[in-house]
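The values are calculated or read from the model by the stated rules, or taken from the named source; none is laboratory data. Quantities reported herein were computed from a predicted structural model and do not represent experimental measurements. Cβ: placed from backbone, ideal geometry, glycine included. Neighbour counts: every protein chain shown. Quick note on the areas: whole protein, heavy atoms, side chains included, nothing else; ligands and nucleic acids left out. Shrake-Rupley method; radii C 1.70, N 1.55, O 1.52, S 1.80 Å.
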Protein chains: 2
Amino acid sequence: GRLVPIYVHNPHLDALKDDILYHFSLGTGSHNLPAMFGDVKFVCVGGSPWRMKSFTEFIAAELAMEDPKSEYPNICAGTDRYAMYKVGPVLSVSHGMGIPSIAIMLHELIKLLHHAHCTDVTIIRIGTSGGIGLEPGTVVVTKQSVDATFQPKFEQVILGKTVVRSTDLDQSLAQELLQCSKRLNQFETVIGNTMCTLDFYEGQARLDGAFCSYTEADKQEYLLKAKEAEVCNIEMESSVFAAMCKLSGLRAAVVCVTLLDRLKGDQLSSSHEVLNNYQLRPQKLVGSYIKHNLCLPTICINIKT
Amino acid sequence: GRLVPIYVHNPHLDALKDDILYHFSLGTGSHNLPAMFGDVKFVCVGGSPWRMKSFTEFIAAELAMEDPKSEYPNICAGTDRYAMYKVGPVLSVSHGMGIPSIAIMLHELIKLLHHAHCTDVTIIRIGTSGGIGLEPGTVVVTKQSVDATFQPKFEQVILGKTVVRSTDLDQSLAQELLQCSKRLNQFETVIGNTMCTLDFYEGQARLDGAFCSYTEADKQEYLLKAKEAEVCNIEMESSVFAAMCKLSGLRAAVVCVTLLDRLKGDQLSSSHEVLNNYQLRPQKLVGSYIKHNLCLPTICINIKT
């Protein structure tokens, strides 16, 4: 089929002699971005730098591309804002916590993929979340990202004025990920809406922050209203991720595991072992998806011969 | 004078058997917080974990508390969400980028200081920013944190409803920091308003993001309006920092260096050496302030005898 490029929407970029991707410590003047990144077909992003490094090691093993002697250097070693790893056509980037942090990363990632002339890129956020009425450890593939009033929109402030953007994600990709999880058959996966908030404590109706002005009953009422709006889980990055990927033509999905059922509590009191096991689930699902969908050059040759 | 405690405003906290500070990988059940943190009098926070480690090394030398053999272990080594270091009464914590990221950290920091029974704590954010009409390298001590419409308020969403909070900072602390910079006499420092945005690119009228729908003239008009509202610099954390510190009774200040003049450009194209030198300035100012205001036990004894 036709190759789908990465769309930047900024006429000013052409006038820049160099484009410095400051928070990656990369740039068009200092790095050969097409040589470094031109083959990227899958980008996986997640909050924690450690998790994105471990995902790279996992995907290298999955794709049988690992070399026991090889290490995966942090491509953004010149900064501690984000970490970035690459194995074959899979790029893995951390984004920190919250909408502003992931938005900075996505602006620079979209420009990076554009400068590198990448085409047909799929991007998946693998993360953690609080579930609503789901068994902890359930993986949620996001249907639609909604705000704190359960509306599927992201409000971007530009020059002091609010612009509303759509938070649509690729529905066929979400279905493919669900099918992939069924084949994998290792844990429960559902498709549902994901609420994206600007705050982890008061913004998610938690009772255990430094400040709390509402009751347990108020909390339950709010979370049950979210459940009626088909919200399955709550996290802090999906809305701007969906909005920016849609604008740039990236096929995008959000895959988050639920670490607890918020109807039953607020604190993450499960053991580190249990929580770590849960956090591996989105990695396993997305690793399996990439393996299933990636036409590695050697495999292509085998099929043709 | 009377000892000022750290105020949490949450009646539910008393009912918690353990309080798990998840993003610090600390908790009341697993750690003796009064023993670990009870002597804290100054907390310095900044976006980058590396910068907060280097600040701890710097302050140890400033206060002549350093031991050449000693290292400063990351107290939050069990997680990669934030990094935390301590030397004597000075705690240094990273907060990542953006309002949601610093808000999670502050909820858990305020609870930590409360559980540790700390009193009379001063907290200072040391950061980087874009300046408006200032020579790059100028340090700005924030008078008031304003939003993208230049209003001194922070909007917190609670149970889907917006609550407006004040972003007042401690004016006497700001004046003391300005005086301290005059004594230090190493770089220009001014007091002015700081605009806090949810986005680094479109949210700050930059022309070099992945998306840009406005002209250079629109950008200049917006930034000049900000300047008329006495905005000296733009960053991404000060509003929620001011709001949460005010609610919890922490004496708070924001000290950010300007890395560039946004009226003249958007890209951070100065050399790493120049930018690193600029980034040391808030550390030097706050280090000098702490040294000047800290009554170390040995010094107190010397004065008394």
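Conditions: (1) touching a helix residue (DSSP H, G or I) at 6+ places or on another chain (Cβ under 6 Å); (2) more than 14 Å from every other protein chain (Cβ to nearest Cβ); (3) small (Gly, Ala, Ser); (4) more than 29 Å from A:Tyr22 (Cβ to Cβ). B:Ser145 meets all but one. Number of the miss?
B:Ser145 satisfies all of (1) touching a helix residue (DSSP H, G or I) at 6+ places or on another chain (Cβ under 6 Å); (2) more than 14 Å from every other protein chain (Cβ to nearest Cβ); (3) small (Gly, Ala, Ser); (4) more than 29 Å from A:Tyr22 (Cβ to Cβ) except (4).
Considering (1) in contact with a helix residue (DSSP H, G or I) (Cβ under 6 Å, 6 or more places away or on another chain); (2) within 13 Å of chain B (Cβ to nearest Cβ), say which one A:Gly137 fails and leave the rest.
(2)
What is the number of the single condition among (1) away from every other protein chain (no Cβ under 14 Å); (2) in contact with an Asp or Glu (Cβ under 8 Å, 6 or more places away or on another chain) that A:Phe187 does not meet?
Going through (1) away from every other protein chain (no Cβ under 14 Å); (2) in contact with an Asp or Glu (Cβ under 8 Å, 6 or more places away or on another chain) one by one, A:Phe187 breaks only (2).
Select, from B:Lys246, B:Lys264, the only residue that is open to solvent by 20 Å² or more (accessible area, probe 1.4 Å), modelled with pLDDT of 95 or more and under 30 Å from B:Thr119 (Cβ atoms). So that I can check it myself, show each step before the final result.
Numbers: B:Lys264 fails: under 30 Å from B:Thr119 (Cβ atoms).
One residue alone meets the criteria, B:Lys246.
Condition first: away from chain B (no Cβ under 12 Å) and more than 9 Å from A:Phe154 (Cβ to Cβ). Now tell me which residues in the stretch A:242-256 satisfy that.
A:Arg251, A:Ala252, A:Ala253, A:Val254, A:Val255, A:Cys256
With the requirement that a residue be of a type outside the set (A, V, I, L, M) and in a strand (DSSP E or B), what does the stretch A:241-285 give you?
Once the filter is applied, which keeps residues that are of a type outside the set (A, V, I, L, M) and in a strand (DSSP E or B), the stretch A:241-285 yields A:Arg251, A:Cys256, A:Thr258, A:Asp261.
Just to be sure I understand, how many residues within the stretch A:190-209 are touching a strand residue (DSSP E or B) at 6+ places or on another chain (Cβ under 7 Å), within 11 Å of chain B (Cβ to nearest Cβ) and among the hydrophobic types (A, V, I, L, M, F, W, C)?
3
Out of curiosity, is A:Ala252 within 30 Å of A:Thr119 (Cα to Cα) and touching a Phe, Trp or Tyr at 6+ places or on another chain (Cβ under 8 Å)?
yes
Residues that are closer than 21 Å to B:His9 by Cβ, outside any helix (DSSP H, G or I) and open to solvent by 10 Å² or more (accessible area, probe 1.4 Å): does the stretch B:110-117 have at least one?
yes
Condition test on B:Lys264, is it charged (D, E, K, R), away from every other protein chain (no Cβ under 13 Å) and without any contact (Cβ under 8 Å) to a residue 12 or more places away in the chain?
Yes, satisfied.
Do we find that A:Ile124 is at pLDDT 95 or above and within 14 Å of chain B (Cβ to nearest Cβ) in this structure? If you could, list the steps in order and put the result at the bottom.
Values: at pLDDT 95 or above: yes; within 14 Å of chain B (Cβ to nearest Cβ): no.
No.
If I ask for residues that are in contact (Cβ under 8 Å) with a residue 60 or more places away in the chain and under 12 Å from the mean Cα position of the chain (by Cα), which ones from the stretch A:31-50 would you list?
A:Phe42, A:Val43, A:Cys44, A:Val45, A:Gly46, A:Gly47
Just to be sure I understand, how many residues within the stretch A:152-192 are over 29 Å from B:Asp199 (Cβ atoms) and acidic (Asp, Glu)?
2
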